[in-house]
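**Q** Structure provided below as structure tokens; questions to follow.
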Amino acid sequence: MEKRKSSFSLLGMLITLGIVYGDIGTSPLYVMNSIINDAGTMADAKPEYILGSVSLIFWTLMLITTIKYVLIAMKADNNEEGGIFALYALVRTKGKWLIIPALIGGSALLADGTLTPAVTVTSAIEGIKGQQFGNIVFSSKQSSVLIIVTVILLTIFIIQKSGTDRIGRSFGPIMFIWFSFIGIAGFLNLTNDLSVLKALSPIYAIKVLFSPVNKVGIFILGSVFLATTGAEALYADMGQVGKHNVYATWPYVYAMLMLNYFGQAAWIINNYQNKAYNHISGINPFYEMLPADFKVFAIIIATMAAIIASQALITGSFTLVQEAIGLKILPRLKVKFPGKFESQLYIGTINWMLCAITIGIVWGFGSSEHMESAYGLAITLTMLMTTVLLHQFLIMKNHRHFANVFMVFFIALEGLFLLSSLIKFVHGGYVTVIITCAILAIMIIWYFGNKRRDAYLAESENVSLLDYLPQLEKLSKDSSIPTYATNLVYMIKLGEDYTIKRSVIYSILDQTPKRARVYWFITVNQTNAPYECNYTVDMMHTRNVVNVQLNLGFKKSQHVNIYIRQIINALIRKHIIDDQTPNYSMVPNRHVGSFKFIIQNQQFQDLGAQEQMNNLDRLLIGGRLLLQNITISPSLWFGLEFSDVVEEKVPLFLGSQTDEYLTEKELKNDVKP
């Protein structure tokens, strides 16, 4: 599995258009439509209102997308990787509290993303209502739109399992055609009323917030914010394409987007008094401003762009979840790599959960107009949390004064957008808030449940492996005991001071003794560098007890079966451990014997262990163990499904439990000494 190369080139720029800009690039399909809906009808969308709105869009994209994300956030790359979890991994050593903004931001980003495929595809397909293409006349009923949208979305989710690398190669050219088309269409309409360019002045943006023509006041920012919702995805995807390709393509994308917004604004200003539109709501100026002959092409290319945006969102969700798993923020889930690149991954559980939620949103809200009223609320939380983490990054880079100015400005700006988006809560925003809270609860239980469990184990359940080395060496040579395995491998955390869970030693020595030629203790350490892959070996002055510290980046596969065989072959070649050539084998020149992997699954035993905990710890640790039991098994997670694996259930605490209220009532037939 290789990492996608992200060198700067014309081809790289084309690929960037297809991967990075799907979400933000399809925003012209619904942003101006949402702004008209805020006004009421076309007749209420007066020139002062429209000029102010498009000015707000221009300056929102300038301040949040261009300045914050393109110019500042992309400097905060973690070995060329971006996104809120990569950023957290970069700065987490600066304070334990930084996990809080990372959890909130990550859960909100995943939740709000469920609306992106629904909004974009529905907005694109709604253009066919009542249209005639040759002899085919499409129904004006919304139910027809919903059926087509459902079929498209189901197809997108079904193909994820087989990989989308080949399809993805066409995304770049399609998005180049899309951006060029919307830019040209906007420019042609803009030439009908160049006065719209006055909106480049921020004065119009400020004035409209307090103007009587703006019936919703500051809450108009909730619709304006939709224009920049893809900025977080832009930052997260830079690792796939390289920051220099983003730097080179963003000016073009920004120009095409603004030409289209200005073109839509010019069309609205020229038609707001048109009797044909006078008292109609739900008008989409993106399609209405196009000549009739171009509508078929517009609908086709818009649908393709919406599919690409949906594909980017799904892939982005997989990446985000994989990072969260690597950072031990989410439970383990089965990750597959259907393509030849590490960025081409598939997580079935997430895929089908997204599918169910997205299609449920399509039918629950019924139209893009209703979806827009709920869209964007949660993502403002993500942007605020990214601002907090970027503040720490800038301090880490010795830019304290700039960091403070940055923090104050963007907290105020994004806080304003969050406040304006709160009205969306009652109009459907509660859906993404509920999803956010559900994801956040899982993250909190898993992350803090791990922390509290480890704290209890550190206090009472750890022993030093060094104290048991003589027994392990003696057991290995004891021919009176049958050989359990040539190589006995425990997937367990071994601390720097050689502390290990008591249950591991108990498993080897106190149950039926497990005799092996070599005892392996494999610790998988998650590192901040996304694709780090190295190991250290400590023989502890023996030839048959091996401490391996395997250091894997939070984006690397944890299939240890591959790594362990490479390590043991290296040790045999260096004569650090003895040759294990088996007497019988169909594999020529095989020097490695059999393996048996032991994985211990902790269980919450009854009363005794729970009574040692307070209520919060009992909830966190119990919840963490429940999630462990309903998600992927450790053997599958470590890629050991075809290996000899023994999964041992062990209690959370091994200490013998007693009940202080137990008293002896009677002792019969006592034997006298």
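**Q** Greater than 31 Å separation of Cα atoms is the criterion. Which listed pairs, LYS161/LYS295; LYS336/LYS424; LYS96/LYS334, meet it? Provide the component values of the computation, followed by the final result.
**A** Values: LYS161/LYS295 33 Å; LYS336/LYS424 37 Å; LYS96/LYS334 28 Å.
Correct reply: LYS161/LYS295; LYS336/LYS424.
**Q** Additional query: Once the dipole of the chain is set up with Lys and Arg at +1 and Asp and Glu at -1 on Cβ about the Cα centre, which of MET289, LEU667, VAL560 lies farthest towards its positive end?
**A** VAL560
**Q** Report the full-extension gain for the segment TRP97 to ASN274: residue separation times 0.36 nm, less the Cα-Cα distance, to one decimal in nm. All intermediate terms of the calculation are to be shown ahead of the outcome.
**A** Details: separation 177, 0.36 × 177 = 63.72 nm, distance 5.63 nm.
Length gained between TRP97 and ASN274: 58.1 nm.
**Q** Label the stretch 232-364 by shape, choosing from rounded, prolate and oblate, from the square roots a ≥ b ≥ c of the eigenvalues of the Cα gyration tensor; if a/c is under 1.5 it is rounded, and otherwise prolate applies when a/b is larger than b/c, oblate when it is not. Show your work: numbers first, answer last.
**A** Numbers: a/c = 2.83, a/b = 1.87, b/c = 1.52.
Verdict is prolate for the stretch 232-364.
**Q** Next question. With every protein chain left in place, what is the accessible area per residue of the stretch 214-274 in square angstrom, probe 1.4 Å?
**A** Values: 1470 Å² over 61 residues.
Ligands and nucleic acids excluded, the figure is 24 Å² per residue.
**Q** Moving on. Got a number for carbon plus sulfur as a percent of the stretch 17-161's accessible area, 1.4 Å probe? All intermediate terms of the calculation are to be shown ahead of the outcome.
**A** Working: 2660 of 4260 Å².
The nonpolar share, carbon plus sulfur, comes to 62 percent.
**Q** Rounding to the nearest 20 debye, state how big the charge dipole of the stretch 322-478 is about its Cα centre with +1 on each Lys and Arg Cβ and -1 on each Asp and Glu Cβ. If you can, show how the numbers build up before the last one.
**A** Details: 13 positive and 11 negative charges, 39 e Å.
I would put it at about 180 debye.
**Q** Estimate the FRET efficiency between ASN192 and TYR252 by the formula 1/(1 + (r/R0)^6), using the beta-carbon distance for r and 22 Å for R0, to the nearest 0.05. Mind dumping the intermediate values first?
**A** Details: r = 24 Å, r/R0 = 1.08.
So, using R0 = 22 Å, E works out to roughly 0.40.
**Q** With θ set to phi - 60°, apply the Karplus curve 6.51 cos²θ - 1.76 cosθ + 1.60 along the stretch 100-106 and write out the HN-Hα couplings as whole Hz, x wherever there is a Gly or Pro.
**A** Going residue by residue, I get 5, x, 5, 5, 5, x, x Hz, with x marking Gly and Pro.
**Q** Further, regarding this structure: Treating the beta-carbon of each Lys and Arg as +1 and of each Asp and Glu as -1, no other charges, what is the dipole magnitude of the chain about its Cα centre, to the nearest 20 debye?
**A** Here the chain has a charge dipole of around 960 debye.
**Q** Report the label-to-label distance for ILE411 and LEU10 in nanometres (one decimal), using points 7 Å from each Cα along the Cα→Cβ vector.
**A** 4.8
**Q** For GLY83, which sequence-distant residues (separation of 5 or more, or a different chain) have an amide H within less than 5 Å of its own amide H, given hydrogens modelled in the peptide plane?
**A** ALA236
**Q** Within the set of other residues whose C-beta is less than 12 Å from the C-beta of GLY449, count the net charge using Lys and Arg as +1 and Asp and Glu as -1.
**A** Surrounding charge for GLY449 is +4.
**Q** Something else now. Which far-off residues, 5 or more places away or on another chain, put their amide H under 5 Å from the one on ASN551, with H placed in the peptide plane?
**A** Under 5 Å from the amide H of ASN551: ASN525, ASN534, TYR535, THR536.
**Q** Under the rule that an exposed site lies in a DSSP loop and has at most 12 other Cβ atoms within 10 Å, name the longest stretch of the chain with no chymotrypsin sites (Phe, Trp or Tyr not before Pro) of that kind, not counting the sites themselves. Walk me through the numbers before you get to the answer.
**A** Numbers: sites that count: TYR584, PHE642, TYR661.
The reported range is 1-583.
**Q** If you find the alpha carbon centre of the stretch 421-492 and of the stretch 296-342, how far apart are they in angstrom?
**A** Using only Cα atoms to place each centre, the spacing works out to 27 Å.
**Q** Which of the trypsin sites (Lys or Arg not before Pro) across the stretch 48-113 are loop residues per DSSP, with 10 or fewer other Cβ within 10 Å?
**A** Details: sites: LYS68, LYS75, ARG92, LYS94, LYS96; in loops: none.
Taking the stretch 48-113 and a limit of 10 other Cβ atoms within 10 Å, no loop trypsin sites (Lys or Arg not before Pro) are found.
**Q** For the stretch 249-383, give the percent of accessible area contributed by carbon and sulfur heavy atoms, probe 1.4 Å, rounded to a whole number. Could the numbers behind the result be given before it?
**A** Values: 2850 of 4440 Å².
Roughly 64 percent of what the probe reaches on the stretch 249-383 is carbon or sulfur.
**Q** Compute the angle between helix 348-365 and the longest alpha-carbon principal axis of the chain, please, reported from 0 to 90 degrees and rounded to the nearest 10.
**A** Computed tilt is about 30 degrees.
**Q** Another question, then. Taking the stretch 322-425 on its own, what percent of its Cα-Cα pair distances exceed 15 Å?
**A** On the way: 4066 of 5356 pairs.
The calculated P(r) of the stretch 322-425 puts 76 percent of pairs beyond 15 Å.
**Q** Considering the values (1) 0.99; (2) 0.95; (3) 1.07, which represents Rg/Rh (Cα atoms, Kirkwood Rh) as calculated for the structure under consideration?
**A** (3)
**Q** Please work out the average accessible area per residue across the stretch 1-147, using the 1.4 Å probe convention, and give it in Å².
**A** 33
**Q** Residue by residue through the stretch 249-257, what is 3J(HN,Hα) from phi via Karplus (6.51 cos²θ - 1.76 cosθ + 1.60, θ = phi - 60°)? Round to whole Hz and write x for glycine and proline.
**A** With coefficients 6.51, -1.76 and 1.60, one gets 9, 4, x, 5, 4, 4, 5, 5, 4 Hz.
**Q** Then there's this: What's the whole-number percent of alpha carbon pairs in the stretch 63-205 lying beyond 17 angstrom? Spell out each step's value before the answer.
**A** Values: 8134 of 10153 pairs.
More than 17 Å apart: 80 percent of the Cα pairs in the stretch 63-205.
**Q** What list of ³J(HN,Hα) values in whole Hz, one per residue of the stretch 468-476 in order, does the Karplus curve 6.51 cos²θ - 1.76 cosθ + 1.60 (θ = phi - 60°) give from phi, with Gly and Pro shown as x?
**A** 10, 4, x, 5, 5, 5, 5, 5, 4
**Q** Let me ask you something else. Distance in nm between label sites at ALA356 and ILE159, each 7 Å beyond Cα in the beta-carbon direction?
**A** So the label points at ALA356 and ILE159 sit 2.5 nm apart.
The values are calculated or read from the model by the stated rules, or taken from the named source; none is laboratory data. It should be emphasised that the depicted structure is a prediction, and the values quoted were computed from it without experimental measurement. FYI the Cβ positions are ideal-geometry reconstructions off the backbone, even for glycines, and counts take in every protein chain you see. Each accessible area value is taken on the protein alone, full model and side chains, heavy atoms only, with ligands, DNA and RNA left out. Shrake-Rupley method; radii C 1.70, N 1.55, O 1.52, S 1.80 Å.
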